[in-house]
Amino acid sequence: MLNYATVGSNDLEKAKAFYDALLESIGMKTFFNHPSGGRLYGRPGKSLFGVLGPYDGNEATIGNGTLAGFGLESREAVAAFHAKALALGAVNEGDPGPRGGEDSPAYFAYFRDPDGNKLCAYHFLPRPAR
């Protein structure tokens, strides 16, 4: 199970303000401040997410094909998280909705943070027993 992801930023103060507000909306609190000037968020024993200055000291760049996802408890939570991100200045990369057809249990929403990092929120409905 993957439960830890980070993104880089070239404006850590702006990024922390964005993620402080966004992640608080799903109950993720500051776990600790990172020596790079960034911040890690999470819940002990649960998922951990960070916004950091790159370790090598170079500029942060967008990972082409890189995506971090937040698994949420309902479709409504996915839509609310996506809306919160957009209200905080994120760019829409895909409205909340089913993925893989209308009968699919997958429900996703995509956005890019102020640095251009692509993120998503998702929820899977339980599959009916066969």
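Bear in mind that the values in this text are calculations on the coordinates, not laboratory data. Computed from a predicted structure; not experimentally measured. Backbone-built Cβ (ideal geometry, glycine too); neighbour counts: all protein chains shown.
What is the Cα centroid distance between segment 89-130 and segment 5-32, reported in whole angstrom?
Using only Cα atoms, the two centres lie 20 Å from each other.
Roughly what % of Cα-Cα distances in segment 1-110 sit above 20 Å, to the whole percent?
44
Please tell me the relative contact order of the chain in percent, rounded to the nearest whole number, where contacts are Cα pairs under 8 Å and at least six residues apart.
Here the relative contact order equals 23 percent.
Can you list the lysines whose alpha carbon is less than 24 Å from that of Lys14, not counting same-chain residues fewer than 8 positions off?
The reachable lysines, counting only those whose Cα sits under 24 Å from Lys14, are Lys29, Lys84, Lys118.
Give me the angle, in degrees from 0 to 90, between the Cα long axis of helix 12-24 and the longest principal axis of the Cα atoms of the chain, rounded to the nearest 10.
Helix 12-24 and the main axis of the chain meet at about 30 degrees.
Taking neighbour Cβ counts within 10 Å as the exposure measure, how do Lys118, Lys14, Lys29 sort from fewest upward?
Going from sparsest to densest Cβ surroundings: Lys29, Lys14, Lys118.
If you build a Gaussian network model of the chain, linking Cα atoms that sit under 10 Å apart, which residue out of Gly97, Gly57, Gly71 swings the most?
Result: Gly57 has the largest fluctuation of those listed.
Could you please rank Val91, Val51, placing first whichever residue has the fewest other Cβ atoms within 10 Å of its Cβ?
Placing the least packed residue first, the sequence is Val91, Val51.
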